[in-house]
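This report concerns only the one structure given below.
Just so you know, all these numbers are worked out from the coordinates, no wet-lab data involved. What you see is a predicted model; the values in this text were computed from it and never measured. Cβ: placed from backbone, ideal geometry, glycine included. Neighbour counts: every protein chain shown.
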Amino acid sequence: MSLPWLESLGLAAANQKPAQRAAFFYVPIGVVRRGFFPGEANGPIPKFTSDRKALGNSARIPVGVHPLTLTPTLQPLEKVKDKVTLITGMDRTFQPGTDVHAQCASCFLTSAGTFTVRQSPYPQARTLDHILAEQLGTNTPFRTLEFSSNSHKDNKESIHFDNVSWFGTGHVAPSMRDPRKAYRQLFGTHELQAYRNITDLVLEDARSLKRQLGHADQQKLSEYFDSIRSIEKQVDRLEQMKSELTKVNLAEPAEAHLPRGEYIRVMGDLMVVALQTGLTNVATFMVGPERWNTPYLFESLFDKPRSHHGMSHNQGNHIKDLLKVDRFHVAQFAYLVEKMGKIKEANGTSLLDNTIFTYGSGLGDGATHQYSALPIVVAGSGGGKLITGKHLNLSETSGPVPKENGKFVQPKQGRPLANLWLTQAKALGLKLNRFAESTGEVKQLLS
């Protein structure tokens with residue numbers, strides 16, 4: 001089991017640069033635009049449509065770098081406002097001919113352009129996380145780690161709706177969904193299965209070690225073990241709740257009644273500790289599946305489980321509830337950003353300072369099904385390479401895929417999402433000239 005950096009055990013490390021990390025927090029179904037995007041508070045409430053036409057709006061923010069204004073949906077980011085950047089005006093790759101939801105997650109980080117993969121109806125190939133791991137993951141036990149907070153086993157859709165990380169075309173990188181199994185995979189040994197409390201494994205060593213440590217390191221070590229113990233207790237609690245729920249005659253499966261935020265946070269805690277201790281430098285977190293009508297219990301929001309996808313198709317009746325769900329998801333992201341910001345590294349910077357942590361969705365709106373004008377928030381600076389605390393708007397006319405001579409072509413109004421992935425990859429040290437259908441770097445994002 002890895003330990004956090006302790007100054008008493010390596011003063012020379014203070015002059016060394018911490019490892020750089022990348023993490024991705026994928027949210028399904030898009031967002032309600034009027035609650036998320038600056039300048040769109042008075043925008044129209046869309047009706048359900050599958051034609052992927054972007055919402056018309058003449059009040060978008062001008063192109064350029066602006067002070068970051070937190071809209072109602074983004075308010076949970078207030079405490080870390082100076083550590084995040086909102087990016088608007090980005091369109092993602094989309095290949096007509098298949099359901100738009102199927103490409104949302106599976107092609108969000110794709111390295112393929114449209115109509116370049118012959119063996120698949122999707123422009124889906126090796127994803128950015130695995131490309132980054134070629135450089136960032138060479139000295140870690142896990143080159144990448146994939147997390148998901150979709151515990152349902154009903155498999156209502158194909159794997160393309162429920163996975164954001166891919167080794168290559170058609171080869172999914174399976175995500176960890178069970179908190180107990182993830183806990184054991186990351187921190188388990190043969191002895192762990194014989195001892196319920198992880199501190200039992202290192203009790204004698206810890207007693208000896210603490211005598212050698214200064215006060216600050218003793219406190220840091222205690223905080224680290226407290227966080228591990230807290231995760232274990234959360235896992236126990238969720239397992240106990242699920243066990244009790246299976247005994248009750250419910251309309252939905254037991255998983256639908258588990259507290260959504262608690263489940264997301266415990267999986268997120270596992271991801272953060274894995275990044276902190278060097279188990280991996282690259283991670284993805286898929287909050288939920290695309291299009292599944294499987295209900296979830298958004299605790300503190302609703303009394304009964306609700307279908308995010310179902311609500312998104314009827315914003316006229318459910319817009320207030322959808323705004324709550326969007327803010328709920330941002331709050332979970334903010335929780336992890338705050339947590340990463342409190343973890344100190346060898347040179348005095350934080351884990352967040354040395355990570356590029358991206359929140360995003362493959363839809364700009366769940367009702368219009370537009371894959372343009374996407375919601376993107378980047379937290380952390382990748383070791384000082386990226387600006388933070390700003391709103392970067394790249395286009396005022398980000399729209400749907402247009403037709404030329406009767407054929408769909410790549411969007412021209414917005415900037416390709418691939419430009420952001422290219423920028424992040426180069427900021428993290430990769431020598432790439434192009435990524436998927438990128439047209440260049442997002443220079444305004446560089447510090």
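The table below gives the values:
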{"read-out": "Hz values of 3J(HN,Hα) by residue in the range 114-129 - Karplus curve (6.51, -1.76, 1.60), Gly and Pro given as x", "value": "5, 6, 10, 10, 5, 7, 9, x, 10, x, 10, 9, 3, 8, 4, 4"}
{"read-out": "Order of L352, L336 under a 10 Å beta carbon neighbour criterion, fewest first", "value": "L336, L352"}
{"read-out": "Simple spin-label estimate for K79 and H171 in nanometres, 7 Å along Cα-Cβ", "value": "4.1"}
{"read-out": "Cα centroid separation, the range 291-351 to the range 144-181 (Å)", "value": "19"}
{"read-out": "Relative contact order (%) - criterion: Cα under 8 Å, at least six apart; region: the range 271-365", "value": "17"}
{"read-out": "Residue order, fewest to most beta carbons within 10 Å, for S243, S148", "value": "S243, S148"}
{"read-out": "Set of the range 21-38 residues, backbone N closer than 18 Å to the point 7 Å along the Cα-Cβ line of T138", "value": "21-22"}
{"read-out": "D236, D303 arranged by Cβ crowding within 10 Å, fewest neighbours leading", "value": "D303, D236"}
